[in-house]
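Accompanying notes for the structure given below.
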Amino acid sequence: MSTVNSSLVLPQAGQVRARGWAGSFVRLLRSDLFKLWHRPLTWALIGVTLFFVLGAYLTLIYTITNHMSAVLPGHLFGDDPAGLRNVIVQQLTLGRRVGQGTVVAMAGAVIGIEFSSGSLRVVLGRGVRRWQVLLAKYAALCVFALVLVVMATLEATLLAALLPVVVHGAPPITLLNGSSVVSIVGSDAGILENWAGVIALGSALAIIGRSAAVGIGGGLIYLVGEDLAGRVLPAMSFETHIGLWARLVDFLFTPNLNAFFYHSIPFALARELDFLDGVMPNPMVTAPHALVVGVVWIVGLLLISTALFARRSWGS
Amino acid sequence: MDGNGLVIETKGLTKRYGSRAAVDGLDLEVARGEIFGFLGPNGAGKTTTIRMLLGLLEPDAGEVRILGRQLRRARGEVLPLIGALVEMPAFHPYLSGRDNLRALCRVLGLEDGAADSVLDLVGLGADGRRRYSTYSLGMKQRLGVAAALLGDPRLLILDEPANGLDPIGIIEMRDLLRRLARSGITVFLSSHILGEVSLLCDRVAIIREGRLVLVERVDDLLRRETVFVLDTPDPEAAERVLAGLSYVKRIWREEDRRVMVEAPGVSGNGIVRPLVQASVAVDGLRRREASLEEIFLTTVQEAEVSS
Ligand SMILES: Nc1ncnc2c1ncn2[C@@H]1O[C@H](COP(=O)(O)OP(=O)(O)O)[C@@H](O)[C@H]1O
Ligand SMILES: [Mg+2]
């Protein structure tokens, strides 16, 4: 009798706790989304990103008008489903590059403002835990990244639909089929994974530096540095012949935060856009390997910064 | 829940920074429905104490009980019942005052209407839609109090709420806090100016260098003041009469027609009656407003005498 009772009671208690926890997380998330929505910076950064998608589109038009063969069937932007898909994804690759900056800036700003304004006190004084606050902010930033990638994709698709009007022979939007949609969504997933890493990076830097400026500045410097290092480090390892170093670089760095994205975009584009999108092709790294390394980096950064944030006593 | 009727209870509360104790073995008891003043000069440890009351800072020793529950054990249940304004108000500069409160409403699970009603309460109804970064210090302070009032807290903890308010603002704040206390909310507020709280509080605690100097009803505290201020058109005559009284310890002139009279343990009658009997005109008589420093001095002297 008593065993039956306890087995009935215990799960209920667990459920109540879960609901309380989840409830407060959802409330914090709603509050953070509300703040993002009403923040002018959010809209300015979205505007900048979408502007660069347009820039990629104009580059595309320029490329095609100079190399008309590009729109021949079987070529990169040819008059077939693959060509149409490439037209859309090409715009997104530049959108992703600019979006990295956008997202790192947003992450630095969202976390950093809590340090400069001290507004966290008000929430913490009501019994909310620090790590809950931070988790909700990460979630809000991921929602921001998701909205940004959806908007960029819609813009790129709309511009692709207009392309035949501008350039004779460009693939019409009616060629959009199931497999091109899957391919576009796949590259969106690659972009999101990449941006999640950038969110973790910007937040961690803002927390370590206790300021938005460190998060934003440090994040941007890292993103540029990463491109340079991506070329220098592997070369270094060949020269020095240090086996462990080479293996470490191979395992952790070569499949850097961009590597999964590289695998998520169409092969022809990945090869063509090498310099523009900063993605280093590495035939040794498989997509799952790249994904795992990306996720390990993200989780590691999040754990470290959450631990730092949770232990920090606020203000003076 | 609150068996002994105490809303705040601290025992031996201590916080050290390096070798210096910012708060040193503090014992406080605040009863339900009280307006309790927490007085002390700058750096006395008021903010540090308030941070510990709110779980924003871990004490090095001692414990905090809120509404009868140990804060350490029941944070999640206790803290949502407290509204607080710690040190300077802190909000997002790019949002309007109202949107800052609406963001908080989401955290606390309240409807937006709650934001509007607390804005009206603190007299910010008309400025609610302006960006927070354009607010004056007094307006920021009011918004801080408004945020503390969200969610109908049972205990209000305000750290120097009169900071930055103009005289009219201070009077309005006083009225607001009185109204809240009448509705059953316990108010705990800190200040470094005695005059600010003497008109409002039922009881005050005074701390200095982290230690409790005294806890007393405000009426009794003001009665400790032994210096009277006498305004008279004929100060020379008044001084002659008062000098003849055995219980007058000291007499001096502060302005042309203002005589200061130190007379411990005497009511105003003991000064006025002899003057009237000697036909000296009296324009006014009141106790001088005690300053915190003087209270410290007399308390320290008393402690030395009694030991
Ligand atoms: N984070 C800190 N590190 C070192 N000393 C501190 C810190 N916070 C406060 N103090 C010191 O503790 C004492 C009490 O400060 P505080 O509680 O802010 O005083 P009050 O609010 O009464 O003006 C002061 O001497 C202050 O310098
Ligand atoms: Mg203070």
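Structure data summary
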quantity	calculated
Relative packing of B:42-53, B:71-82, which averages over residues the other C-beta atoms within 10 Å, highest first	B:42-53, B:71-82
Solvent exposure of the stretch B:66-189 as accessible area per residue, Å², 1.4 Å probe	39 Å²
Percent RCO, i.e. relative contact order, over the stretch B:126-240, from Cα pairs under 8 Å lying at least 6 residues apart	19 percent
Cα-based helix-to-principal-axis angle, B:167-182 vs chain B, degrees rounded to 10	70 degrees
For residues of B:97-107, the mean tally of beta carbons on other chains within 10 Å	5
Chain B, relative contact order [Cα under 8 Å, separation at least 6], %	19 percent
³J(HN,Hα) computed for each position of the stretch A:125-139 - Karplus, 6.51 cos²θ - 1.76 cosθ + 1.60, integer Hz, glycine/proline x	x, 9, x, 7, 7, 3, 5, 5, 4, 5, 4, 5, 5, 4, 4
The stretch B:192-207 versus the stretch A:66-111: alpha-carbon centroid distance in Å	66 Å
Extension reserve of the B:GLU236-B:ASP202 stretch, reckoned as 0.36 nm per residue once the Cα distance is removed	8.3 nm
Difference of contour (0.36 nm per residue) and Cα-Cα distance, B:ASP116 to B:SER246	40.6 nm
Max mean-square fluctuation residue, GNM over chain B, Cα-Cα springs under 10 Å, options B:VAL187, B:VAL259, B:VAL215	B:VAL259
Shielding score for B:70-81, defined as the mean number of other chain Cβ atoms within 10 Å	2
Two-site FRET efficiency, B:SER133 against B:ALA278, from Cβ-Cβ distance with R₀ of 45 Å, rounded to 0.05	0.10
For peptides B:110-122, A:299-311, A:115-127, B:21-33, sequence by mean Cβ density within 10 Å, most packed first	A:115-127, B:21-33, B:110-122, A:299-311
Check: the protein assembly as shown dipole with +1 on Lys, Arg Cβ and -1 on Asp, Glu Cβ, in debye	1000 debye
For A:25-35, mean number of other protein chain Cβ atoms within 10 Å	4
Charge-dipole axis of the protein assembly as shown as Lys and Arg at +1 and Asp and Glu at -1 on Cβ define it, positive-most pick from B:PRO167, B:ILE66, A:GLY190	B:ILE66
Accessible area buried, both sides summed, chains A and B with 1.4 Å probe, Å²	2600 Å²
In the protein assembly as shown, lysine pairs with alpha-carbon atoms under 23 angstrom apart (chain gap of 8 or more, or interchain)	5
Carbon plus sulfur fraction of accessible area for the protein assembly as shown, probe 1.4 Å, in percent	61 percent
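The values are calculated or read from the model by the stated rules, or taken from the named source; none is laboratory data. All of these numbers come straight from a predicted model, not from anything done at the bench. Quick reminder, even Gly has a Cβ in these numbers, built from the backbone with ideal geometry, and neighbours come from all protein chains shown. To get the accessible areas, we keep the full protein, side chains included, count just its heavy atoms, and leave off ligands, DNA and RNA. Shrake-Rupley method; radii C 1.70, N 1.55, O 1.52, S 1.80 Å.
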